[in-house]
Each structure stands twice: as structure tokens, then as C-alpha cells.
1. Yes or no: region 57-67 includes at least one residue that is assigned by TED's automatic domain parsing to the domain that holds Phe102, in a helix (DSSP H, G or I) and free of Cβ contacts under 8 Å to residues at least 40 places away in the same chain.
2. Out of the residues in region 126-170 meeting the condition of being touching a strand residue (DSSP E or B) at 6+ places or on another chain (Cβ under 6 Å) and surrounded by fewer than 20 Cβ atoms within 10 Å (Cβ to Cβ), tell me which one is farthest from Thr286 (Cα to Cα).
3. Can you pull out every residue in region 110-154 that is within 30 Å of Pro218 (Cβ to Cβ), out of contact with any Lys or Arg (no Cβ under 7 Å at 6 or more places or on another chain) and not aliphatic (A, V, I, L, M)?
4. In the list Gly40, Gly80, which residue meets the criterion of being touching a residue at least 24 places away in the same chain (Cβ under 8 Å) and closer than 21 Å to Val183 by Cα?
5. What is the number of the single condition among (1) in contact (Cβ under 8 Å) with a residue 60 or more places away in the chain; (2) touching a Phe, Trp or Tyr at 6+ places or on another chain (Cβ under 6 Å) that Ala9 does not meet?
6. Can you pull out every residue in region 1-37 that is part of a loop (DSSP other than H, G, I, E, B) and under 30 Å from Gln179 (Cβ atoms)?
7. Residues being in a helix (DSSP H, G or I), surrounded by 15 or more Cβ atoms within 10 Å (Cβ to Cβ), among the basic types (Lys, Arg) and modelled with pLDDT of 90 or more: count how many of those fall in region 234-261.
Amino acid sequence: MTAQLPVLAAGALVWRETEGEVRVLLVERTQHRDHSLPKGKLDPGETLPQCAAREIEEETGVRIALGAPLGTTEYRLPDGRDKVVYYWQAFVDEEEAERAPFEPNDEILELLWLPLAAAKARCTYEHDVDVIERFEERLAAGHAHTFPIIALRHAKAANPFNWEGGDASRPLTDRGERQSRAVAPGVAAFGPRRIVTSSAVRCRQTVAPLAALTGIAPRATAEISQESSVDPRAALEARIAKAVRKRRGTVLCSHAPIIPEIVTAVVHAANGLESERTHRASMLHTAEFTVLHVSAGDTPALVALETHAPAEP
């Protein structure tokens, strides 16, 4: 008998600060009349970060940018299948929280913004309490506020052995075009504020759907191209140190040989240590991206990292 694949879902621990007090968003579901963190099932063609951001906005009206991941919860559904839910922390300011256009509906009856202790007491399910407690640990460590530095490898490009022009002029293939469209919402879910791309055509084409989705004009530079005459390590360290200093979420779209330099530069700027995990996070296939979450406190720290691939049709 073939084992059934788990049902995948994604959600977020959405939080705000009200008069200096941290409050967490719970939803009361209309049908079940239970209280839980907002979440929803993964749709075909979605990445998990895209799903989390979409579900939060659909269920609550609150638009979020995902922060650092908070791990997963797993439980058995009534039909016997396993369900795995991926969570992120997501800060919203008071203005965004208050203007969320929520109306009770067939799925969600009420939104509740509760202090941490009250939220844990109100949760119907213990696995939601676990997620809140993970966030409390982050909060205690001073890592609740983060910003992302995102290393994105370009999508599938024309074969260099069959291309008559220069390497930098190689365009995306049809598959690469699909990948670039598929990956854009997942990258956008982390709320980047700046897009920097290699000047190579394949990189500029990769970020075009992301630019259209976010309204951010990409900045193309030869500094992070394969053909750069500049030492990529020195240029990257300076660029990333500036992004970290300004606490500015940034996407850097580049090539397989340059991605490890990007990841290493972020790790160093965030006072982290290189490891097997950071090494694996830099070995990206086409259109994959690694998000390095850096704390926004006085002393930068690498809080978490995660890697995602486009959900290709």
C-alpha cells in the first residue's frame, strides 16, 4: 500500500506592539468555533512562503511580510492523513493591523489580538501553543524583529554551448521564464525593499516578474556577475554590510559561482559562523533562493536561514 503524502499548509504568528505590549493574532473559525493561529492549505503552484502570506491576508485582511521561520507542526487529520504546517513570525505595525478590512465570514468569525499568556491560554490546540513559545524564545533573545537578505540564483538559461553570443547575453529558456514567474511571489512574501541583480541578461530577466509584482525597480550591476573584473568578495562584503547597517531587506540575483560568496558575506556581516548548513544553503539550483534572516537590533545576528524552490507547473 502506497503511503499518502502529507497535506501541506502554511501560516504565521502575526504580532504587533500595543503600548509596549506584544500581542499575537488568533482567529476564531466559524465552523469549528476553535481558536488558532491563522493558516491555510498550499495551493497547486505555490511556494510555502507565498501560501503563508496569501492565507493571512485572505483570512484576516492583514498584509504581512514574513520574518524568520518558526518551524512546523504536525498532526493527524480525521481521514488518517498527516498534516504539516509551516510557520513564520510576522510583525505588523498598529496602523496596518487596525486598517485590515476584516468582516466575519464563512471561515473566520473573529480576530483576537491577545497578550502572549492570554493567547496561549485561548489556543484550542497545543501545537499552536508550541509555536507561540518558540516565538517567546526569539523575543527573549532580542530576535523578534528581523529583515531578509535573499540570494536568488537566476532561472534556467540557454545552453552556453549552443549560444553564439557572449555569455552575459544568454536569455532564459521557456522553462526559465516559467520559473521566474513561479518564484516571484515566494520571494515577495518576505517583503524585500531592494532588488540588485547581475547585469547578465538571464539574471535581469529572472527578477523582472518580481519587480513587476513588488513595484521595486531592480538595480543591475556587474559587481555580482560571473564576468566581473572586480573582486566579488570585496564588492559583496561592502554592499551587504551597507544593507545590514541600514536594516534593508535586499534580493541579490546572481550566478552559481557567486551565490556562495553572497551567503558567506551575509553570515560575516551578521556575526554568524560558516557551517555545513550555510554551505548547503549556497548550493542553489536554478531559480532557487535562500533567505538569511538578520536581527534588526543594535548588534546584527543571523537568526535563521531557509531555502525554497519555485513550484513549477
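The values are calculated or read from the model by the stated rules, or taken from the named source; none is laboratory data. Predicted model, so just to flag it, every value in this text is computed and none were measured. Backbone-built Cβ (ideal geometry, glycine too); neighbour counts: all protein chains shown.
1. yes
2. Applying the filter and picking the extreme gives His127.
3. His143, His145, Thr146, Pro148, Arg153
4. Gly40
5. Just one mismatch for Ala9, condition (2).
6. Within region 1-37, the subset part of a loop (DSSP other than H, G, I, E, B) is 1-6, 19-20, 30-34, 37.
Listed by number, the residues that qualify are Thr2, Ala3, Gln4, Leu5, Pro6.
7. Of the residues in that region, 0 qualify.
Here is a yes/no grid of residues against (1) of a type in the set (D, E, K, R); (2) within 15 Å of the chain's Cα centre (by Cα); (3) more than 18 Å from Leu139 (Cα to Cα); (4) surrounded by fewer than 19 Cβ atoms within 10 Å (Cβ to Cβ):
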residue: Leu273; (1), (2), (3), (4): no, no, yes, yes
residue: Met283; (1), (2), (3), (4): no, no, yes, yes
residue: Ala287; (1), (2), (3), (4): no, yes, yes, no
residue: His293; (1), (2), (3), (4): no, yes, no, no
residue: Glu306; (1), (2), (3), (4): yes, yes, yes, no
